[in-house]
2 protein chains.
Amino acid sequence: MHVRFENREVPSGAAHDDEPGRSVRDTGEHALIDRIRQRLPPAPEWVRLGIGDDAAVLVPERNRLEVLTTDAFVEHVHFSWAVSSPSDVGFKALAVNLSDLAAMGAAPRAALLSLVLPGEMPLARLDGLLDGLLGLAAAHRLALVGGNISRSPGPLVLDLTVLGTVKPRRVLTRSGARPGDELYVSGWLGMAAAALDWHERRRSRTAAAEVGWPAELTQCIERWLRPEPRLHLGMQLGRNRAASACVDLSDGLSDGARQIARASDVGITIDASAVPVHEAARRWFESHETDPLARALVAGEDYELLFTVPRAIRRKQTLLQRLARDLPISRIGIVTAGRDVVLRHADRDEALPAGFTHF
Amino acid sequence: MHVRFENREVPSGAAHDDEPGRSVRDTGEHALIDRIRQRLPPAPEWVRLGIGDDAAVLVPERNRLEVLTTDAFVEHVHFSWAVSSPSDVGFKALAVNLSDLAAMGAAPRAALLSLVLPGEMPLARLDGLLDGLLGLAAAHRLALVGGNISRSPGPLVLDLTVLGTVKPRRVLTRSGARPGDELYVSGWLGMAAAALDWHERRRSRTAAAEVGWPAELTQCIERWLRPEPRLHLGMQLGRNRAASACVDLSDGLSDGARQIARASDVGITIDASAVPVHEAARRWFESHETDPLARALVAGEDYELLFTVPRAIRRKQTLLQRLARDLPISRIGIVTAGRDVVLRHADRDEALPAGFTHF
């Protein structure tokens, strides 16, 4: 009862939403698959068979390790139509997978898309999903090589599997941090937390009281809905052997620091004053009588990179800022010989809170 | 909001269902992931990083093409707890993916498991899923190298992605059939159709009237619930260059024949009297005044291999039977120069019916 992408020539050019009222159930499996294939650019030479047979056939890249990750993106759990456009959903479903590749220093290569579709989903929504997903794929030269469509009585699920490659000595892991290494984070934290907080406050009102985006949270909401994966930074850290350990912040800074500490068998001390909480997020939380730092530490979905830099590397900040281009890079702590994960305030130390909980 | 399998040593040995009343929601993400990892055998040497980092890291196999496929297995759509045990569900979710590898002539190598879990699912059910899935993986020396756990307000979804490898000249596709080639199919058809027919008749009764498996359908129901993927046959066909085209029968013989015909730009004529309908299925349908052949042609889920054998190969039946070991192999038709897909009866030809429809 599985629908596979079938064999056919792949024309270029976009599908048009010429049947705005139709649902995926009205459309039929073959038409849905054609709809996806018509959107794909020509496949690269190393794709021996793309969408069209029982499976995709790829020529592996020479002298590379392969990096594989999968993440599901579930309606009502990971996104809501009340705030995300279909294109946002397609974008983010792929972005969270690419963020995992970034954390490994890998370059994206190929993706498989498993779509679990509610029958009543409008066809225009499928087109929107593809807009966001294929736009991000094209920006990172990622080829969609296969997939699957299943129907479901439940929520929409986009399950992406992404394959990347990395030279053997350039792979980043969580386990290479050593005492004396410095801890860095890219970008600004708490943006997704502020956006989610706004979304939840808005949901708890009556429908009549619903309001649009507050202008001061626009940047935060945009980053929350469409987190740009830090692929360039991850690859640069790997190529320059500038990071001893790396993780992406899908589940919050606190969780990320604990992951590195546990995998590397080290401790970490984070300087509370150095954590780069985004200014708009800080103001949002302060105006709602919430501690911005506490929220930024435990909130998920920042999708920034948290990494440690070996002690031996000199002029770290200059090097890192060159590698990161326009993305800000902050030194926020130090790797220690113990196993404690500590938040250091001016006047006291405290244990880092636990990260985001999923169940 | 994604839960990743974390870094930790992987002990061998099975998890025990020591909390029979607990649900996955009560258990917490880390414990769920540990529960899976505790079940895994030691990873092979080419798995540089398995479950435990942001992504899995694999060393590709030299001089091989890579074959990638993904299939979702959705509660209420692809299986029902009324008839499948948790172990059956885990088995089949992987088997349908391995069947795709079989159709390409590929050897299984690695899998990623994306679990979308209803919060109220009992923990014992998760253990059962893993029993079936990991048992089949072990039988085919497939390594579970990564995955993802998401919660969901909807049905259970198991999304598997499987990676296989094949030597470049041994890959089987749908597009190599040539006029004059003979068409063969493995095993017996209609078994899944008969089992599904029994299941639907049973469901349409009142609960009080529900009955157990009819003894005469035991074989059919067992194959339906746990279809053994034809990996050995697929690899042997590729190694011996004995097949010019191949597809797995996930969506019925009629659909499979159309897929080969379309991809190869040929016609196919099937001899109605040669289609190997399973004896128990035949009797079941006849006793319910249904044409067994008509059902076997369009019913999905047989997961047998349908393949064409080049005209130049001599003593085909002897060769094929040797390659297939104990699995029966039937010659059921011929590839033609036209583009018609035809069912030939003793007294007339008819167009093959369309295959199983998914939406």
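Quick look at the numbers
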| quantity | calculated |
| --- | --- |
| Other copies of A:Ala294: label-to-label distances in nm, shortest first, labels 7 Å along the beta-carbon direction | 7.0 |
| Dipole of region A:185-253 [Lys/Arg +1, Asp/Glu -1 at C-beta], most positive-end residue of A:Trp213, A:His199, A:Leu249 | A:Leu249 |
| Surface share of carbon and sulfur [accessible, 1.4 angstrom probe, percent] for region A:256-352 | 45 |
| Net charge dipole size for region B:269-359 [Lys, Arg +1 and Asp, Glu -1 on Cβ; Debye, nearest 20] | 700 |
| Farthest toward positive dipole pole in region A:216-359 [+1 Lys/Arg, -1 Asp/Glu at C-beta], among A:Leu293, A:Thr318, A:Leu352 | A:Thr318 |
| Gaussian network model of chain A, Cα within-10 Å springs - most flexible of A:Val77, A:Val266, A:Val342 | A:Val77 |
| Anisotropy class of chain B from Cα gyration tensor, a/c 1.5 cut | oblate |
| Shape category assigned to region B:49-186 from the gyration tensor of Cα positions, a/c cut at 1.5 | oblate |
| Debye, to nearest 20: dipole size of region A:191-326, +1 on Lys, Arg Cβ, -1 on Asp, Glu Cβ | 720 |
| Fluctuation leader among A:Arg325, A:Arg315, A:Arg226 - chain A, Gaussian network, Cα springs under 10 angstrom | A:Arg315 |
| Relative contact order of chain A, pairs being alpha-carbon contacts under 8 Å that are 6 or more residues apart, as % | 20 |
| 0 to 90° range, to nearest 10: angle between helix B:86-104 axis and chain B longest Cα axis | 50 |
| Chain pair B, A: total accessible area buried, heavy atoms, 1.4 Å probe, Å² | 6800 |
| Under DSSP loop assignment and at most 11 Cβ neighbours within 10 Å, longest GluC sites (Glu not before Pro)-free interval of chain B | B:121-209 |
| Per residue, in Å², the accessible surface of chain B once ligands and nucleic acids are set aside, probe 1.4 Å | 38 |
| Ascending list, in nanometres, of distances separating the B:His345 label from those of the other copies (7 Å, Cα toward Cβ) | 8.6 |
| Highest-MSF residue in chain A out of A:His232, A:His30, A:His199 [GNM, Cα springs under 10 Å] | A:His30 |
| Shielding score for A:155-162, defined as the mean number of other chain Cβ atoms within 10 Å | 6 |
| Of all DSSP beta bridges in chain B, antiparallel share, percent nearest 5 | 75 |
| Phi-based couplings in Hz for region B:106-112 (Karplus 6.51, -1.76, 1.60; Gly and Pro marked x) | 8, 8, x, 10, 9, 9, 10 |
| Beta bridge orientation in region B:62-162: antiparallel %, DSSP, nearest 5 | 55 |
| Accessible surface ranking that places the most exposed of B:Lys167, B:Lys92 first, with a 1.4 angstrom probe | B:Lys167, B:Lys92 |
| Selection from A:Leu172, A:Leu231, A:Leu115 lying farthest towards where the dipole of chain A points positive, charges on Cβ | A:Leu172 |
| Antiparallel content of DSSP bridges confined to the protein assembly as shown, in %, to 5 | 75 |
| Dipole moment magnitude, nearest 20 debye, the protein assembly as shown about Cα centre, only Lys, Arg, Asp, Glu C-beta charged | 2860 |
| Chain B residue with Cβ closest to the axis mapping B onto A, distance in whole Å | B:Gly154, 1 |
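The values are calculated or read from the model by the stated rules, or taken from the named source; none is laboratory data. As the structure is a prediction and not an experimental result, all values here were calculated from the model. Note that we place each Cβ from the backbone using ideal geometry, even for glycine, and neighbour counts take in every protein chain shown. Accessible surface is based on the protein model in full, side chains and every heavy atom, while ligands, DNA and RNA are left aside. Shrake-Rupley method; radii C 1.70, N 1.55, O 1.52, S 1.80 Å.
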